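Chemist: Before we start, here is the structure in question, set down as structure tokens.
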Amino acid sequence: MTALQRLAPRRVKSQLRVTELLAAARQVFSEQGFHRATTAQIAVAAGVSEATVFTYFPGKRELCIQVIKDWYDEISGELEREVPRLHGVHAKLGHVVRQHLFTLLADGSGMCALVLGEGRTSAPELAEVITECKRRYTTPLMDCLAQAIADGEVRQDMPLRLMRDLVYGSMEHVLWDSITTHKRPPIDETAEQLTSLIWSALMPRDASLDALARFRDEVSTALKQLDAQRPAPKAKRARK
């Protein structure tokens, strides 16, 4: 057996151990938050000694950073696959809003509170990592809105960064409210309401009037076609 062949099982075992530690760390950070979580708790959750944790990670902060990166990789990858397949700005916006709420609320508020809270933390390493992860996560929708601005499908008098803040800022308020009240809102209903509200703000200023004019023309055309299809009234017989 060559040295490389002897190393292969060790690498597989090490990768498996890292996966187990990260799964345990995600659970602990979700339940305890970053500041209350300890490497001892993570070791217990993983079924290993605390020394084993330090064999693979320098400390709690590095574990938390990797947990956040892995989590964002998962949810960003889904949007990168799904958003380009959808047709229309409204459909893409609706998908992003619903998926965002579902992802952060479906499994409880643990990862939601961790990401939102540590994104504002004084620890620069965590804040910088989350900022970079958010940049990738928001790119599918931002690319869509940038193209929509160029095509005149949405307002052209609003900077893209404000559109981003409008979309994700409004959802953040919903998420924080869920965290502080410990009440999960109905995701589908909330997503539809938010999408409608955001879309009304993104539409070009004259879009509503144009839509009303198109509706009036369509109704007028339909009525004319209906009249044309009606049989002509029979002529009345003259009385003798």
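The values are calculated or read from the model by the stated rules, or taken from the named source; none is laboratory data. Bear in mind the structure is a predicted one, so any value in this text is a computation, not a measurement. Note: ideal-geometry Cβ built from the backbone for every residue, glycine included; neighbour counts use all protein chains shown.
Chemist: Looking at Pro159 and the list (1) at pLDDT below 90; (2) loosely packed, with under 13 Cβ neighbours inside 10 Å, which single condition is not satisfied?
Modeler: Result: Pro159 fails condition (1) only.
Chemist: Follow-up. Checking the structure you have, find out if any residue of region 67-85 is modelled with pLDDT under 95 and over 20 Å from the mean Cα position of the chain (by Cα).
Modeler: No, every residue in region 67-85 fails to be modelled with pLDDT under 95 and over 20 Å from the mean Cα position of the chain (by Cα).
Chemist: What are the residue pairs meeting all of these: first residue in region 34-62, first residue at positive phi, second residue of a type in the set (D, E, K, R), Cβ atoms under 9 Å, and 6 or more apart or on different chains?
Modeler: Gly47/Glu20
Chemist: So, one more: Condition first: part of a helix (DSSP H, G or I) and either outside the structural domain of Val97 (by TED's automatic domain parsing) or in contact (Cβ under 8 Å) with a residue 24 or more places away in the chain (or both). Now tell me which residues in region 140-165 satisfy that.
Modeler: The initial filter retains those residues of region 140-165 that are part of a helix (DSSP H, G or I), namely 140-151, 160-165.
Within region 140-165, Pro140, Leu141, Cys144, Leu145, Ala148, Met163, Arg164 meet the criteria.
Chemist: Moving to a separate point now. Would you check if Ile179 is among the aliphatic types (A, V, I, L, M), in the same structural domain as Thr103 (by TED's automatic domain parsing) and at pLDDT below 90?
Modeler: yes
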